[in-house]
Each structure stands twice: as structure tokens, then as C-alpha cells.
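Inspection log for the structure reproduced underneath, given as C-alpha cells.
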Amino acid sequence: MTSEQTVLVTGATGRVGGQVVAQLAGAGDVRIRALSRDPAAASAALGPKAEVVGGDLAIPDTLSAALDGVDAVFLVFPSVAADRAARNLVPTLTARARRIVYLSAHGVPDEPDHRAEPDGGIIGSHAHLEGLIAASAAEYTFLRSSGFAANTLAWAWQIRRSDVLRWFLPDARRALVHEADLAAVALRALTEDGHHRMAYHLTGPEQLTQVEQLAAIGAALGRALRFEEIDSAEAAAELFPGLPVEMVASIITGQAAMVANPEPVTDTVARLTGRPALPFAQWARDHVGDFTEPAR
């Protein structure tokens, strides 16, 4: 793509989207626009790094101003919750922006059918979006992430008050990826040519059990943390209040599969960025405050 391009970042105040904004700001020659349902709060959070425009992905008719003059979109979709809007949202985006970089998930079929309806689960939601984007975007790239390292922040409320974590499936083994690595690949896909029709499987550099993840967080905090196993039924009842039943089931089923079949490790981050993927221990050190400070 040429210089002087405009990139729209959705989810710009989230962990991955926030990293995308920060890294685009450091790259130069890019006008950054951030989409937010709360422009005032987003402007306060992002400062001068991005022009903030109001709009809601679940209501595509609100996106006209945000898409004006946009060359590329970094898309973080509210999976499952906004699935009903997807068939209107995607054509709205692809009609105005030439390039779509979509934050998806590992496990989506290689060629998802754009005619298929989502099934209420997370992977089904991502597959639905991928199919729609592939059917209508002039250029697209899918970032099929392994588990986010930031998903372990679901433990933070327990770790703030105790050295014991009550959780399920201690032997589930994952290759968790730092949000900074996801953003580094997104930066290239948004601003460079050569990534069209690519589906990148992005992981961290190592497989760690949930017990080992907890130990890394403990080491960053200077505390000895202990994993207390609970069964899946207890987990569904205690740990995911308010989430749809289908989503909870897909989370637990997906974690259970990683006991016998651990999440694989790829070299994609290193190959695309020219540096090794960041280890989970680094992510834990970067997020000490999230495990010690009161929840915002």
C-alpha cells in the first residue's frame, strides 16, 4: 500500500487493538482512526495517537463516518454477541476499505463457507466472519491466533486476593501469544503488500500447561501460587457468570482437547517480524499491575 494511507482500528482500547494503534503510531506515514462506541472515553485513553470516530460494529449503519477514506481495517469482531450483524457488517466494510485484516482464531477451517450460519460457539463465529470476508473483500488477511496470553487475566481476581487459583484442567497445554506479537503481524498485514489471502497461525514460542502459566505469573509477582483443580461442571457454574451456555461449553471443550493434543507452536511470528515470539514469562512481567491493582 502507498504512504498516506488511513487505517481504521476496531477494538482500539482493547489489548490487541491498543497495541495495533501504538505500533502504527510508531511506524509513521499512517493516519490512524479508531472506532469506538464511546468516543470521549476512547479519546482520553488513546490521546493524540488516533482520530476517534463513533460507531458500533453491531449496527453497521453507524459506520459511514468511520469508513470515510479508509484504506485498511483492523477488525476485532465481538464474536457470538454480534453474529446476527455480520452479514450486514462485512459488506459495509469491504465496500469502503480495500484491505481487511481480521483477528480470528486457530481452529477455523481453511476454507470456511460464507453461506454457513454460526453455531453459537467462538470458532463457529470466527469461521462465519472469515467466510464472509473472503467472499467480498478485495484484499484480506486472517490472523488465526492461538490462545491470548491475556486470557489468563481471568485469573486476576483470584490472584489479587489469594495464592490459590481454583481453575479447571491444569494439564491443558497452550502456546499463548503476547498481544504485542499479534499487533506486530497486524502492522505488516495492514501496511505491506504480499499478505492477501493469507491465514497466519500465530502462537507463542513454547507450550505451557496451565500450572506452568500460573508459575510464570507467580515468578513475575514474586509469589508462590498454587493451582487447585476443580471439575468442568464447577467451572461452568462458578467461573463464567453471564456468558451464553454455548460459549462456556466451547471454552471448556476447547481446553479439554489441549490435554491430549496441546496447542501447536509455529514460527510464524518470527518469520514475519524478524524476531522471536515473546515468551509467556515476558507477558507476565509486562502485566504485573493487572494482577496486583484493583480491577478497573
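No value in this document is a laboratory result; all are computed from the given coordinates. Bear in mind that the values here come from a model prediction, so they are computed numbers and not experimental data. So basically every Cβ, Gly included, is an ideal-geometry build from the backbone, and we count neighbours across all protein chains shown.
A few remarks follow.
- Taking the chain and dividing mean pair separation by its residue count, relative contact order in percent (alpha carbons under 8 Å, at least six apart): 17 percent
- Within the range 126-255, DSSP assigns beta bridges of which about 15% are antiparallel (rounded to the nearest 5).
- FRET efficiency, 1/(1 + (r/R0)^6) with R0 25 Å, evaluated for Ser232 and Ser162 via beta carbons: 0.70
- Farthest toward the positive end of the dipole of the range 224-285, out of Trp283, Ala260, Phe240, is the Cα of Trp283, where the dipole comes from beta carbon charges about the Cα centre.
- Each Lys and Arg adds +1 at its Cβ and each Asp and Glu adds -1 at its Cβ; summed about the Cα centre, the range 204-290 shows a dipole of about 460 debye.
- Reducing the range 84-156 and the range 184-223 to their Cα centroids gives an inter-centroid distance of 18 Å.
- DSSP-defined antiparallel bridges as percent of all bridges, the chain, nearest 5: 10 percent
- Point-charge dipole on Cβ atoms (K/R +1, D/E -1) for the range 4-69, about Cα centre, debye to 20: 240 debye
- Percentage relative contact order, the range 139-296, counting C-alpha pairs under 8 Å, at least six apart: 37 percent
- Amide proton proximity set for Leu243, modelled H, under 5 Å, gap of 5+: none
- Size of charge dipole - the chain - debye, nearest 20, with Cβ of Lys, Arg +1 and Asp, Glu -1, no other charges: 560 debye
- Taking the range 130-208 and dividing mean pair separation by its residue count, relative contact order in percent (alpha carbons under 8 Å, at least six apart): 49 percent
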